[in-house]
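Read-outs: derived from the displayed coordinates by stated rules, not from any lab. Just so it is clear, the structure is predicted and the values come from calculations on it, not from any experiment. No Cβ is skipped: glycine too gets one built from the backbone with ideal geometry, and neighbour counts run over all protein chains shown.
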Amino acid sequence: METYQLTELSITYGGAATRLSFSSARLVIVSDAGYKLWYVEVDGMTQHDLLRRFNETDQLGVALNGITAGGRPFAGSGYFHPNEQHHAAAIRGDGELPGF
């Protein structure tokens, strides 16, 4: 398992791009038995309306772009799973994450 702290993270959904505001975020890449999966954990989100919007819909697909603390950019697509109560979200990756 590889973990990368993130300094920037943006999502695009419904044609609108939004830069996420958070206290911490990390990209996790899991390699097991010849396959890879990835997800992003976001904590300390201040965009409560965004969390509420995703909590009230079944349209969870997003495109995402980010930069790791080491300066490594990445882009992919996934599903945004909000946790309003904890001001957090998880983005479950869909498909490969090029470069990782």
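Could you say whether any residue in segment 11-34 is in contact (Cβ under 8 Å) with a residue 12 or more places away in the chain, in contact with a helix residue (DSSP H, G or I) (Cβ under 7 Å, 6 or more places away or on another chain) and either on the phi < 0 side of the Ramachandran plot or not in a loop (DSSP other than H, G, I, E, B) (or both)? Yes, the conditions are met somewhere in segment 11-34. Condition (residue is β-branched (V, I, T) and not in a loop (DSSP other than H, G, I, E, B)) applied to segment 43-61: is it met by at least one residue? No, every residue in segment 43-61 fails to be β-branched (V, I, T) and not in a loop (DSSP other than H, G, I, E, B). When we screen T46, T57, T68 for residues that are under 18 Å from Y4 (Cβ atoms) and over 11 Å from the mean Cα position of the chain (by Cα), the only hit is T68. Among the residues of segment 76-91, the one identified as farther than 14 Å from A25 by Cβ, surrounded by 13 or more Cβ atoms within 10 Å (Cβ to Cβ) and either of a type in the set (S, T, N, Q) or out of contact with any Leu (no Cβ under 7 Å at 6 or more places or on another chain) (or both) is S77.
Can you find a residue in segment 12-19 that is more than 14 Å from A88 (Cβ to Cβ) and touching a Phe, Trp or Tyr at 6+ places or on another chain (Cβ under 9 Å)? Looking through segment 12-19, at least one residue is more than 14 Å from A88 (Cβ to Cβ) and touching a Phe, Trp or Tyr at 6+ places or on another chain (Cβ under 9 Å).
Applying the set (1) out of contact with any strand residue (DSSP E or B) (no Cβ under 7 Å at 6 or more places or on another chain); (2) in a strand (DSSP E or B) to V40 leaves exactly one unmet item: (1). Of all residues in segment 25-49, those satisfying the criterion of being surrounded by 11 or more Cβ atoms within 10 Å (Cβ to Cβ) and over 18 Å from R92 (Cβ atoms) are G44, T46, Q47, H48.
Only residues that are of a type outside the set (S, T, Y), without any contact (Cβ under 8 Å) to a residue 40 or more places away in the chain and assigned to a strand (DSSP E or B) were counted in segment 79-98, giving 3.
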